[in-house]
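Trainee: Below you'll find the structure I mean.
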Amino acid sequence: MESPSQRLTAWVSGSVQGVGFRWWTKAQALELGLAGSAANRPDGRVEVVAEGPVEALDELLARLREQPSTRGRPGEVVAVGELRAAARGVTGFVER
């Protein structure tokens, strides 16, 4: 039985803008069957919003935090903050 859907919002700090990080995040999310978005924030962070099964969200979070990255993640991640909530039913994945 698949776990219920959840919403993850993650704020990724470090050298993550202008290096292909949002594109990489989208590829990882789609590989895991997640929907959502990755957007640059004015403070230099990237905000990742993803919805899907809890196990897939946990895996995405692990990939965002992985040090050093073994999946070719661009940029340098210093910290990842997270917030979990009920899923809202988003579809697709967009980079903003």
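The numbers here are math on the coordinates, done by the rules we state, and not lab data. Keep in mind that what you see is a predicted model, and the values were worked out from it rather than measured. As a convention, Cβ positions derive from the backbone with ideal geometry for all residues, glycine included, and neighbour counts pool all protein chains shown.
Trainee: Please work out how much length the chain gains when fully extended from R88 to S13, using 0.36 nm per residue of separation minus the C-alpha to C-alpha distance, in nm with one decimal.
Mentor: 24.5 nm
Trainee: Based on C-alpha coordinates, I'd like the Rg and Dmax of the chain, in Å.
Mentor: Looking at the chain, its Cα Rg and Dmax stand at 12.3, 40 Å.
Trainee: Once you keep just the Cα pairs under 8 angstrom separated by 6 or more residues, what percentage relative contact order results for the chain?
Mentor: Details: 197 pairs, mean separation 44.2, N = 96.
RCO, the chain: 46 percent.
Trainee: In degrees, nearest 10, range 0 to 90: what is the angle between the Cα axis of helix 21-31 and the longest Cα principal axis of the chain?
Mentor: Tilt of helix 21-31: around 30 degrees.
Trainee: How do 79-87, 22-30, 57-65 rank on mean C-beta neighbours within 10 Å, highest first?
Mentor: On the way: 79-87: 12.6, 22-30: 19.4, 57-65: 17.8.
In decreasing order of mean packing, 79-87, 22-30, 57-65 become 22-30, 57-65, 79-87.
Trainee: Give me the number: length gained by fully extending R71 to L30, i.e. 0.36 nm times residue separation minus the C-alpha to C-alpha distance, one decimal in nm.
Mentor: 13.3 nm
Trainee: Still on this structure: For the stretch 14-96, what is the percent of antiparallel DSSP beta bridges, rounded to the nearest 5?
Mentor: If I count the DSSP bridges inside the stretch 14-96, around 75 percent turn out antiparallel.
Trainee: Mind pulling the angle between the C-alpha long axis of helix 54-65 and the longest principal axis of the chain? Nearest 10 degrees, somewhere in 0 to 90.
Mentor: Tilt relative to the chain: about 0 degrees.
Trainee: Which distance in Å, rounded to a whole number, links the C-alpha centroids of the stretch 8-61 and the stretch 82-96?
Mentor: If we compute the Cα centre of each part, the gap is 10 Å.
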